[in-house]
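Visitor: Input: one structure, supplied below.
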Amino acid sequence: MSQRNPAISKGVDTSLIWIYFLLVAIGITAIFAATYKEGDPVMQSFLRFKTDYSKQFYFFIAAAVLALFILLTDSKFFPATANIFYIAGIVLLLLVFPFHSNVKGTESIIRFGGFNFQPADFCKICVCLALAKYLSRPDTDFTKTKSQLIAAGITLLPAALTILQKETGLALVFLTFFIVMYREGLPSIVLIIGFSFALLVIATLLLEKNTLAIILTVIAAIAVYILRKQVKRNRSLLIGVVALWAVCVGIQRFVVPAIFKHVLQKHQVERIYSLIGRDVPNEYIKGNTSSDEPVSKKNTADYNVKQSKIAIGSGQIFGKGLLQGTQTRYEFVPEQRTDFIFCTIGEGFGFTGSFILLAIYLLLLFRIVTVAERQRSVFSRCYAYGVAAVFFFHIAINIAMTIGLAPVIGIPLPFISYGGTSLITFTILLFILIRLDADRQMVLR
């Protein structure tokens with residue numbers, strides 16, 4: 001008699017599971033170090049669901065139950081329901097508009113009693129599944145522009161809705177799915193255009209607008225001179241260079257100011273200019289309409305980052321020890337249990353602890369990419385690369401925020417930062433991958 005139900009561990013990549021448990025344990029320890037109050041009974045605090053570290057522990061139990069449920073689910077379920085998940089995610093994003101609660105400047109959260117739920121966070125799973133489903137369809141020819149636009153639309157629709165909910169930082173996460181498209185054949189020129197736009201935005205912030213316009217003009221003139229022979233044979237090349245120059249100047253003069261005035265929030269504008277060490281220009285002070293409060297001329301948004309860097313630097317090589325940090329114990333660092341949780345690790349365990357955490361994250365990313373490349377199914381491969389892209393963005397941006405290399409945009413550190421929605425979302429993302437990988441010999445569509 002054949003065995004119809006194989007063991008749950010068959011084909012499962014246990015290394016990813018052990019990394020997951022290790023990161024969650026580090027996260028609960030870091031939250032404990034950041035929020036523990038002297039005199040509180042530790043064991044009772046963990047059981048009462050009143051402290052942040054006890055809540056995170058119970059969130060982990062809920063996440064572990066979901067993970068077990070996913071491992072018991074037939075892997076065919078995920079491609080079969082991918083589009084349903086995507087529609088559900090979009091509906092949840094739309095429900096935010098009439099039912100949202102304003103929490104710390106964002107309107108992307110729905111409250112259920114004492115719990116906060118952020119649909120944009122959950123929607124990362126939906127987009128990852130839906131994009132993998134579309135790219136794995138037999139009739140999808142990703143060399144055609146139509147297919148590329150549909151894939152981009154799957155990604156950009158939730159990003160646009162998230163921006164409308166004043167959650168610009170989280171909306172940027174959806175752009176990482178273009179890495180999946182690039183892996184599946186998206187032309188390099190698309191990524192080049194994207195990076196060029198980012199460089200032009202940075203140049204617009206760093207340079208005076210007339211100076212940058214002159215530099216762009218000089219670059220265009222040099223390009224025409226270098227291509228003078230081709231230009232004589234083909235006048236359309238000259239038209240192309242002039243058009244590209246006009247687009248760049250237009251972005252610098254009109255698009256970037258419009259983004260800073262009407263898309264970004266007051267605190268986001270302040271944080272970006274804080275990063276480059278400049279005061280907010282008068283035109284953004286007067287023109288910013290994305291917030292009820294005017295943008296302040298005196299930029300004080302770098303306080304969090306300064307305190308974070310002090311905390312990390314004070315940890316030196318081996319750290320001050322658990323519950324011994326002064327910056328984090330006395331709450332000099334705002335949001336030290338969520339966005340700035342890395343500084344708690346840096347102060348308590350020093351360079352050594354921070355390096356070990358980064359090494360664990362690198363091992364996680366390397367393992368996910370390895371898993372992605374061994375898939376026979378296009379769906380599984382695309383999903384795996386989507387998971388890798390999301391994790392990489394969160395890890396890189398969060399740590400860069402805490403050490404002053406990126407503006408503070410409210411991106412949590414996977415499995416470490418406090419938050420039930422974040423922990424459960426990352427758990428689901430990872431364990432769907434583990435479930436798909438367990439059946440890697442199957443071709444899923």
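Visitor: If only one of Arg367, Arg440, Arg374 is of a type in the set (D, E, K, R), in contact (Cβ under 8 Å) with a residue 12 or more places away in the chain and closer than 24 Å to Phe85 by Cβ, which one is it?
Guide: On the way: Arg367 fails: closer than 24 Å to Phe85 by Cβ; Arg374 fails: closer than 24 Å to Phe85 by Cβ.
From the options Arg367, Arg440, Arg374, the qualifying one is Arg440.
Visitor: Any residue at all in region 293-304 that is under 10 Å from Pro407 (Cβ atoms), modelled with pLDDT under 60 and surrounded by 15 or more Cβ atoms within 10 Å (Cβ to Cβ)?
Guide: Checked region 293-304: at least one residue is under 10 Å from Pro407 (Cβ atoms), modelled with pLDDT under 60 and surrounded by 15 or more Cβ atoms within 10 Å (Cβ to Cβ).
Visitor: Give all pairs with beta carbons closer than 8 Å in which a residue from region 320-343 that is more than 21 Å from Pro414 (Cα to Cα) and free of Cβ contacts under 8 Å to residues at least 24 places away in the same chain meets a residue that is surrounded by fewer than 24 Cβ atoms within 10 Å (Cβ to Cβ) and of a type in the set (Val, Ile, Thr); count only pairs at least 6 apart in sequence or on separate chains.
Guide: Filtered contacts from region 320-343: Gln327/Ile310.
Visitor: Looking at Val173, is it buried (at least 20 other Cβ atoms within 10 Å of the Cβ) and touching a Leu at 6+ places or on another chain (Cβ under 9 Å)?
Guide: Numbers: buried (at least 20 other Cβ atoms within 10 Å of the Cβ): yes; touching a Leu at 6+ places or on another chain (Cβ under 9 Å): no.
Taking the combined requirement at face value, the residue does not satisfy it.
Visitor: Right, next: With respect to the numbered conditions (1) more than 15 Å from Pro407 (Cβ to Cβ); (2) of a type outside the set (Val, Ile, Thr); (3) under 28 Å from the mean Cα position of the chain (by Cα); (4) surrounded by fewer than 19 Cβ atoms within 10 Å (Cβ to Cβ), which one is the sole condition not fulfilled by Gln252?
Guide: Here Gln252 clears every test but (4).
Visitor: Then there's this: Residue check, Ile219 against (1) buried (at least 18 other Cβ atoms within 10 Å of the Cβ); (2) modelled with pLDDT of 80 or more, all met but one. Which one?
Guide: (1)
Let's see how each residue does on (1) aliphatic (A, V, I, L, M); (2) out of contact with any Pro (no Cβ under 6 Å at 6 or more places or on another chain); (3) at pLDDT 80 or above:
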{"site": "Leu205", "(1), (2), (3)": "yes, yes, yes"}
{"site": "Arg228", "(1), (2), (3)": "no, yes, no"}
{"site": "Lys232", "(1), (2), (3)": "no, yes, no"}
{"site": "Arg235", "(1), (2), (3)": "no, yes, no"}
{"site": "Trp245", "(1), (2), (3)": "no, yes, yes"}
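Visitor: Among the residues of region 308-355, how many are under 25 Å from the mean Cα position of the chain (by Cα) and surrounded by fewer than 15 Cβ atoms within 10 Å (Cβ to Cβ)?
Guide: Result for region 308-355: 2.
Visitor: Is it the case that some residue within region 379-386 is surrounded by fewer than 20 Cβ atoms within 10 Å (Cβ to Cβ) and either assigned to a helix (DSSP H, G or I) or of a type in the set (A, V, I, L, M) (or both)? Step through it out loud before you land on a result.
Guide: Filtering region 379-386 down to residues surrounded by fewer than 20 Cβ atoms within 10 Å (Cβ to Cβ) leaves none.
No: zero hits.
Visitor: Kindly check whether there is at least one residue in region 144-151 that is closer than 25 Å to Gln265 by Cα, out of contact with any strand residue (DSSP E or B) (no Cβ under 8 Å at 6 or more places or on another chain) and surrounded by fewer than 20 Cβ atoms within 10 Å (Cβ to Cβ).
Guide: Checked region 144-151: no residue is closer than 25 Å to Gln265 by Cα, out of contact with any strand residue (DSSP E or B) (no Cβ under 8 Å at 6 or more places or on another chain) and surrounded by fewer than 20 Cβ atoms within 10 Å (Cβ to Cβ).
Condition check ((1) loosely packed, with under 12 Cβ neighbours inside 10 Å; (2) assigned to a loop (DSSP other than H, G, I, E, B); (3) modelled with pLDDT under 90; (4) among the polar types (S, T, N, Q)) across all residues:
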| site | (1), (2), (3), (4) |
| --- | --- |
| Ala67 | no, no, no, no |
| Ser75 | no, yes, yes, yes |
| Pro79 | no, no, no, no |
| Ile84 | no, no, no, no |
| Gly89 | no, no, no, no |
| Pro98 | yes, no, yes, no |
| Ile110 | no, no, yes, no |
| Asn116 | no, no, yes, yes |
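Visitor: Going by the structure shown, is Leu423 outside any loop (DSSP other than H, G, I, E, B) and under 14 Å from His394 (Cα atoms)?
Guide: Working: outside any loop (DSSP other than H, G, I, E, B): yes; under 14 Å from His394 (Cα atoms): yes.
Answer is yes for this residue.
Visitor: Quick one: how many residues across region 387-411 are assigned to a helix (DSSP H, G or I), touching a helix residue (DSSP H, G or I) at 6+ places or on another chain (Cβ under 7 Å) and among the aliphatic types (A, V, I, L, M)?
Guide: Residues that pass the stated criteria total 6.
Visitor: Any idea how many residues of region 255-276 are outside any helix (DSSP H, G or I) and either free of Cβ contacts under 8 Å to residues at least 40 places away in the same chain or buried (at least 18 other Cβ atoms within 10 Å of the Cβ) (or both)? Show your work before the answer.
Guide: The initial filter retains those residues of region 255-276 that are outside any helix (DSSP H, G or I), namely 263-265, 276.
Going one step further and asking which of them are either free of Cβ contacts under 8 Å to residues at least 40 places away in the same chain or buried (at least 18 other Cβ atoms within 10 Å of the Cβ) (or both), we end up with 264-265.
Within region 255-276, residues that are outside any helix (DSSP H, G or I) and either free of Cβ contacts under 8 Å to residues at least 40 places away in the same chain or buried (at least 18 other Cβ atoms within 10 Å of the Cβ) (or both) number 2.
The values are calculated or read from the model by the stated rules, or taken from the named source; none is laboratory data. Keep in mind it's a predicted model, so treat the numbers as computed, not measured. Backbone-built Cβ (ideal geometry, glycine too); neighbour counts: all protein chains shown.
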